[in-house]
Amino acid sequence: MLQYKSVTLEDKEWISACMKAANLRGSEFTFANLFDWREIYDFKIARFEDMLIIKSGRSDTDFMYPVGGGDVSKAISALMQEAKELGGDFSMYGIPASAVEAVSQQLGEEYEILPVRDNFDYIYNRESLATLAGKKLHAKRNHINNFIAANPDWSLEPISEENIGQAWEMNLQWCAAQECVSHSLRNEGCAVESAFKNFFELGLRGAMLKAGGRIVAYTIGSAVTDDTFVVHIEKAFADVQGAYPMINREFVRSLPENYIYINREDDVGDLGLRKAKESYRPAMMYERYIARKKNG
């Protein structure tokens, strides 16, 4: 069986190489996401030849779709054998739509492969988010115009070693206003804290939106492929009209031009969040599937 360990910053180079070789636009294929959520999901990692293997410590036989420069089918066979030796039922999550047919053929009729809609990532054309052109995005432009009218002194500043403490303080204020007592917000808070503490080591990129001399929004993300950038975190004060669409638009405009797609991650099944993400008119969805043994 494979030897598993916890994720550390020292794993960044080889894990990032495996994720780059996969060339998939899913937000889970950024080292930052894996590292920042490592404690919440108790991620364990292992190497199988040139492949990255991930599983949650909550289950020894539930694996994430393997990625890297090696043979995916060979890795899956090894994981199925491992599950058999452990006496559990093999299952796999995070299977991209492009791999469903191959995985289905390998697993056979004993397994079913199902979409997990709550985990679909929303991917947008950079130009669409940067311009908000068209009738369907008219309301977004209005919100931004209202923000600019109320805050003519606004500015966007990249997060740096000099000002990251200010962004963190704004995050604490946001959390206090939201009364971060729910399970999901507490979990997210742990991941956000990790992102701030390890911002530069993780190679993250972020920006702060200022108005009236104070920070009213911030955002943080990282690249997942050469043409796709993932927005991991975005916070704005709810009482500042237009702050969310403004930080969204201005941060996208600040990114290098090679990023033609922006992945704003999934909606975790939250209907309000789903409505908000759909309102920006995604160009595509990054679909995720789960493979599990059929009942009976």
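The values are calculated or read from the model by the stated rules, or taken from the named source; none is laboratory data. On a predicted model such as this, the values are computed, not experimentally measured, just so you know. With ideal geometry, Cβ positions are generated from the backbone for all residues, glycine too; neighbour counts draw on all protein chains shown.
Which one of Arg38, Arg47 is of a type in the set (Lys, Arg) and under 18 Å from the mean Cα position of the chain (by Cα)?
Arg38
Across the range 93-109, the qualifying residues are those that are surrounded by 18 or more Cβ atoms within 10 Å (Cβ to Cβ) and farther than 18 Å from Cys18 by Cα, and the one among them that is farthest from the chain's Cα centre (by Cα) is Leu107. Residues in the range 132-156 that are crowded, with 17+ Cβ neighbours inside 10 Å and assigned to a strand (DSSP E or B): Leu156 only. Checked against (1) part of a helix (DSSP H, G or I); (2) modelled with pLDDT under 95; (3) loosely packed, with under 15 Cβ neighbours inside 10 Å, Cys175 meets all criteria but (3). For first residues located in the range 150-168 and over 15 Å from Gly242 (Cβ atoms), partners that are modelled with pLDDT of 95 or more and part of a helix (DSSP H, G or I) and lie 6+ apart or on another chain with Cβ distances below 6 Å form the pairs Ile159/Ala167; Trp168/Phe196. Looking at Leu202, Leu209, just one residue is in a loop (DSSP other than H, G, I, E, B) and buried (at least 19 other Cβ atoms within 10 Å of the Cβ), and that residue is Leu202. In the range 57-70, the qualifying residues are those that are without any contact (Cβ under 8 Å) to a residue 24 or more places away in the chain and surrounded by 15 or more Cβ atoms within 10 Å (Cβ to Cβ), and the one that is farthest from Tyr41 (Cα to Cα) is Gly70. Flag not set for Asn163, criterion: polar (S, T, N, Q), crowded, with 17+ Cβ neighbours inside 10 Å and assigned by TED's automatic domain parsing to the domain that holds Ile247.
Provide a single number: the residues in the range 243-256 that are part of a loop (DSSP other than H, G, I, E, B) and either on the phi > 0 side of the Ramachandran plot or surrounded by 14 or more Cβ atoms within 10 Å (Cβ to Cβ) (or both).
1
Selection of first residues in the range 86-113 that are within 16 Å of Ser59 (Cβ to Cβ) and of second residues that are acidic (Asp, Glu) and crowded, with 16+ Cβ neighbours inside 10 Å, restricted to Cβ pairs under 8 Å at least 6 apart or on distinct chains, gives the following pairs, ordered by first then second residue: Leu86/Asp60; Gly88/Asp60; Ser91/Asp62; Met92/Asp62; Tyr93/Asp62; Gly94/Glu28. Selection of the range 2-53 for residues being within 21 Å of Glu265 (Cβ to Cβ) and hydroxyl-bearing (Ser, Thr, Tyr) yields Ser16, Ser27, Thr30, Tyr41.
Scanning the range 212-224 for residues that are crowded, with 20+ Cβ neighbours inside 10 Å, over 13 Å from the mean Cα position of the chain (by Cα) and farther than 15 Å from Val192 by Cα turns up Ile215, Val216. Go through the range 71-118 and report how many residues are assigned to a helix (DSSP H, G or I) and either of a type in the set (D, E, K, R) or not assigned by TED's automatic domain parsing to the domain that holds Gly57 (or both). Residues flagged as assigned to a helix (DSSP H, G or I) and either of a type in the set (D, E, K, R) or not assigned by TED's automatic domain parsing to the domain that holds Gly57 (or both) within the range 71-118 amount to 7. Checking the stated criteria, Asp239 turns out not to satisfy the condition of being of a type in the set (D, E, K, R), part of a loop (DSSP other than H, G, I, E, B) and under 15 Å from the mean Cα position of the chain (by Cα).
Take Gly94 and tell me if it is in contact with a strand residue (DSSP E or B) (Cβ under 6 Å, 6 or more places away or on another chain) and on the phi > 0 side of the Ramachandran plot. Here the answer is yes, as Gly94 does meet what is asked.
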